[in-house]
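Novice: Take a look at the following structure, please.
All of the numbers you see were taken from the coordinates with simple rules; none came from a lab. Not measured: the values here are computed from a predicted model. With ideal geometry, Cβ positions are generated from the backbone for all residues, glycine too; neighbour counts draw on all protein chains shown.
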Amino acid sequence: MKYVKLMSPDHIPDIGIFSKPLSQEGSSVLMGFPGSGLVGSIALQYMVDQLEFTQIGSMNSKYFPPLAMMTRGVINVPVRVYEKENLAAIVADIPIHPNICYEVANGIMEWLMPFKIKEIVTIAGIITNEMEKRVFGVATSEKALQRIQDSTIILPIGSISGIASSFLTECRIRNVDAYGLLGETINAPDPRASAATIEVLNKMYGLTLDIQPLLDQAEEIESTMHKLAEQVQTAEATPKKEQQLPMYG
């Protein structure tokens, strides 16, 4: 009997991307990871479902929390890659711990760079405790900022945290045009804030994505996302002694 020597944990890649290549160069890539209000996750999952994007891949990491979503009994990989024509989307159901935001953003950008992407758009939430559902915008250069200045409220000063900030920083360093769309939220699962960011995407890319079904289903989605948030908080609170790096799970 032949025995196969298993790879030691030290040689397992931190970030694994299992995907077909993007079908064309010059695509725009949209990012939606859980954060304040789950704005990006809700917005992009709604978009890929309604516009019938094709899932071309997935992403995994030894640092991700042990959490898998399911629909009608079928497991769904927590971070997925979708594509339709010249748009790609990376959608996540799990939060990225601050200690590995750089690794995740850098790993994804390293994978994307050979495709000569046109731009990155990362969607997140910004807590204001107001009910207006405005969308604030930032960009990696003054020239890029002109693309969103008529459809967002440009933030004059301040800071952005989390995985969205890591993507924007990576793009600034790599001279890739990138935009942050920050939906105004009260830090609870917020489909209405997500709908506001979709309206900005409609303007940026000439889409005709109808947000009314999302608004109509807001109460149901909010209930589901609350359950997800509770599961994530439980996973975050459970220590895992064998891992040296602070992480969720």
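Novice: Please rank 190, 216, 177, 150, fewest neighbouring Cβ atoms within 10 Å first, as an exposure proxy.
Specialist: Working: 190 25, 216 11, 177 19, 150 8.
Arranged by neighbour count, lowest to highest, 190, 216, 177, 150 become 150, 216, 177, 190.
Novice: Run down the aspartates and glutamates and flag those whose C-alpha is under 20 Å from the C-alpha of residue 227, throwing out any fewer than 8 positions away in its chain.
Specialist: Counting by Cα, and skipping residues close in sequence, residue 227 has these aspartates and glutamates nearby: 93, 190, 216, 219, 236.
Novice: Now for a separate question. Could you state the per residue volume, in Å³, of the convex hull enclosing the Cα atoms of segment 28-236?
Specialist: Each residue corresponds to 125 Å³ of Cα convex hull volume.
Novice: So if I place +1 on the C-beta of Lys and Arg and -1 on the C-beta of Asp and Glu, and nothing else carries charge, what would the dipole magnitude of segment 28-236 be about its Cα centre? I want it in debye, nearest 20.
Specialist: Numbers: 15 positive and 24 negative charges, 118 e Å.
The dipole magnitude comes to about 560 debye.
Novice: Using alpha-carbon pairs under 8 Å, 6+ residues apart, how would you state the relative contact order of segment 28-236 in percent? Don't jump to the answer; show the numbers that get you there.
Specialist: Numbers: 393 pairs, mean separation 55.6, N = 209.
Relative contact order, segment 28-236: 27 percent.
Novice: Another question, then. Hey, fewest Cβ within 10 Å first, where do 115, 33 land in order?
Specialist: Numbers: 115 16, 33 28.
Least to most surrounded, the residues fall as 115, 33.
Novice: Have a look at the DSSP beta bridges in the chain and tell me what percent are antiparallel, nearest 5. Display every interim value, and only then the final one.
Specialist: Working: 24 of 44 bridges.
Antiparallel bridges make up about 55 percent of those DSSP assigns within the chain.
Novice: Still on this structure, I have one more. Separation between the residue 14 and residue 51 pseudo-spin-labels, each 7 Å from Cα along Cα→Cβ, expressed in nm?
Specialist: 3.1 nm
Novice: From the phi angles alone, apply the Karplus equation (6.51, -1.76, 1.60; θ = phi - 60°) to segment 141-151 and give each ³J(HN,Hα) in whole Hz, x where the residue is Gly or Pro.
Specialist: 7, 5, 5, 5, 4, 4, 5, 10, 5, 8, 10
Novice: What is the order of 28, 159, fewest Cβ neighbours within 10 Å to most? If you can, show how the numbers build up before the last one.
Specialist: Values: 28 18, 159 6.
Lowest to highest Cβ neighbour count: 159, 28.
Novice: Here's a follow-up. Past the 26 Å Cα-Cα mark, which pairs from 20/116; 116/203; 143/203; 20/118; 20/143?
Specialist: On the way: 20/116 16 Å; 116/203 23 Å; 143/203 18 Å; 20/118 19 Å; 20/143 32 Å.
The pairs that break the limit, which is 26 Å between Cα atoms, are 20/143.
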